[in-house]
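Asker: What follows is a structure written as structure tokens; I'll ask about it next.
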């Protein structure tokens, strides 16, 4: 067992990426994720890796495309406005079936917004973000340890399904320090027979491309991609249950919101209210199975989010609107207090919204 | 199962985040669960800065300290802002060389130490944070005193190894300080 050390979430994820074999990082600075780039700039040159601060976010994501096409574990990181700039490239990666890790340490939006923590890129992350029919794998850490652990998971899943994976964090997760144990592990890199590694005259050239002018061909590509997405939806949903055994009120929250909600649930339990939580770890695929099962048991649901109500739509869809779902939210960089979440739980317990 | 929520607040440059990291490491070395959350952004560059530290025997939920059991106020705006957020029975520590008023609450324990003055008198420019931390340790026992040196070794970088003893000495000054 490695020694537990205190690390910022941004630094823990960067070190985890290096441990997972990532040697190609391309980025452009933006608060509150700049520590990722700073960490990579220190470490990569020492281990024969590549740290490159690009001239723009758009350049950075296109460099990721190149490294991923060559079969390398590549990543970039940014925060909300920067991810919008990268969305074109992310769509191209989805169209090319390229695996890579994209980290979004979210801040308040829209527009230039603010620099404080937010979860308001939920729609952008889970619906694709760029143009076209596609999804990303979306992982939502709620501790510094998970910031690291989900990097390994993210690279592995991305390669297994040939999809870009987004680690959707927020300013709190990036900036906070917690004890983290970083254990060297190889992960589970998938073989990449499709990669552009040079034929050496021994095989036909591989082609990586997202252009298909023949509509029937493009339709076929998209349908094949969605068959893969069906497998991901079936096999890769991840969530964690907290005090759900006898829960009548189910809080649904991810990331920092789940940490706050945990305090509120403990306080509600002390008042005799049977509250519990399902914390999605994969936001896409959304943990529909866990939510659907909870709908059999719980009277109502509360979606706790740092936005104006985005995940709440997926909660309603997952439980097929069988139970009322209320919203407890703050936005713009504000974070709900445990007291605010407790008040929402108490309202739900009284049958109100 | 006990949990202590600490909020350290003051100006940027006073070593707020460093003091918090020291405290968090002391907790970690004891095998406790800890979290450290800084304010980030423009306030770090000369405005108000604060740092939430939680030490707990249980899993830490929210890392944000809204109602501190221990409040360390290193300037007046911080005392004004957070005094009323502390729960009854909390301990409030004030750098009395920078804050020219007393704690108004009567249901909390208030402690005053002219940490900046002591720091300057000793010829240290920037160790008021650790002097205050020493006083906090003496009055609350938030961490055991045998954790001071090992935690300091974790947070003083190799590059500044010469400051290790000075920081430990500053904590000691805070521990030994007797309020009038």
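Just so you know, all these numbers are worked out from the coordinates, no wet-lab data involved. Quantities reported herein were computed from a predicted structural model and do not represent experimental measurements. Cβ coordinates were reconstructed from backbone atoms using ideal geometry, including for glycine residues, and neighbour counts include every protein chain displayed.
Asker: Tell me, B:51, A:96 in order of fewest to most beta-carbon neighbours within 10 Å?
Answerer: Starting with the residue having the fewest Cβ neighbours, the order is A:96, B:51.
Asker: Which of B:152, B:133, B:74 moves most in a GNM of chain B, Cα contacts under 10 Å?
Answerer: Between B:152, B:133, B:74, it is B:152 that shows the largest mean-square fluctuation.
Asker: In the stretch B:34-162, if every C-alpha pair distance is counted and binned at 10 Å from zero, what percent goes to each bin?
Answerer: 11, 38, 41, 10, 0
Asker: Here's a follow-up. Let me have the 222 nm mean residue ellipticity of chain A computed from DSSP H runs of 4+ only, each contributing -39500 (n - 2.57), with the sum over all residues rounded to the nearest 500.
Answerer: -13000 deg cm²/dmol
Asker: Moving on. Please report, in Å, the Rg and the Dmax of the stretch B:62-128, where both are computed over Cα atoms only.
Answerer: According to the Cα coordinates of the stretch B:62-128, Rg and Dmax are 12.6, 39 Å.
Asker: Let me ask something additional. Would you calculate a helix-derived [θ] at 222 nm for chain B, using -39,500 (n - 2.57) for each DSSP H run of n ≥ 4 and dividing by the full residue count, to the nearest 500?
Answerer: -10000 deg cm²/dmol
Asker: Give the Debye-formula value of log10 I(q)/I(0) at each listed q (0.17, 0.19, 0.20 Å⁻¹), with one equal scatterer per alpha carbon of the stretch A:240-349, two decimals each.
Answerer: -0.67, -0.86, -0.96
Asker: Using just the Cα positions, wrap the protein assembly as shown in a convex hull and report its mean projected area in square nanometres, one decimal place.
Answerer: So the mean shadow area of the Cα hull is 27.0 nm².
Asker: Using Cα pairs closer than 8 Å and at least 6 residues apart in sequence, work out the relative contact order for the stretch A:216-328, in percent.
Answerer: Relative CO of the stretch A:216-328 lands at 29 percent.
Asker: Oh, and also: Tell me, what is the percent relative contact order of the stretch A:1-105, built from C-alpha pairs under 8 Å that lie six or more residues apart?
Answerer: 29 percent
Asker: What do you get when you divide the Cα radius of gyration of the stretch A:6-120 by 2.2 N^0.38 Å, with N the number of residues?
Answerer: 1.00
Asker: Now for a different question. Given the options B:13, B:27, B:134, which has the most mean-square fluctuation in a GNM of chain B, springs set between C-alpha atoms less than 10 angstrom apart?
Answerer: Maximum among the listed residues: B:13.
Asker: Then there is this: Along each principal axis of its Cα atoms, how long is the stretch A:280-321 end to end? Whole angstroms, biggest number first, please.
Answerer: If we take the Cα atoms of the stretch A:280-321, the spans are 27, 21, 15 Å.
Asker: Okay, moving on. Take every residue in peptide B:21-28, count the Cβ atoms of other chains within 10 Å of its Cβ, and give the average of those counts.
Answerer: Mean number of neighbouring Cβ atoms from other chains: 2.
Asker: Enter the mean number of other protein chain beta carbons within 10 Å of the beta carbon of each residue in A:255-266, as an integer.
Answerer: For this peptide, the per-residue mean of nearby foreign Cβ atoms is 3.
Asker: What is the fewest-to-most order of A:221, A:284 by other Cβ atoms lying within 10 Å of their Cβ?
Answerer: Going from least to most buried by this count: A:221, A:284.
Asker: Go ahead and run the numbers for FRET between residue A:313 and residue B:154, Cβ-Cβ distance against an R0 of 45 Å, rounding to 0.05.
Answerer: 0.50
Asker: Just the number, please: Stokes-Einstein D of the stretch A:52-196 in µm²/s, Kirkwood Rh from C-alpha pairs, 37 °C, 0.692 mPa s.
Answerer: 214 µm²/s
Asker: Let me know the mean shielding of B:29-40 by other chains, meaning the per-residue number of their Cβ atoms within 10 Å of its Cβ.
Answerer: So the per-residue partner count for this stretch is 4.
Asker: With a cut-off of 8 Å between alpha carbons and a minimum separation of six or more residues, what is the relative contact order of chain A in percent?
Answerer: 18 percent
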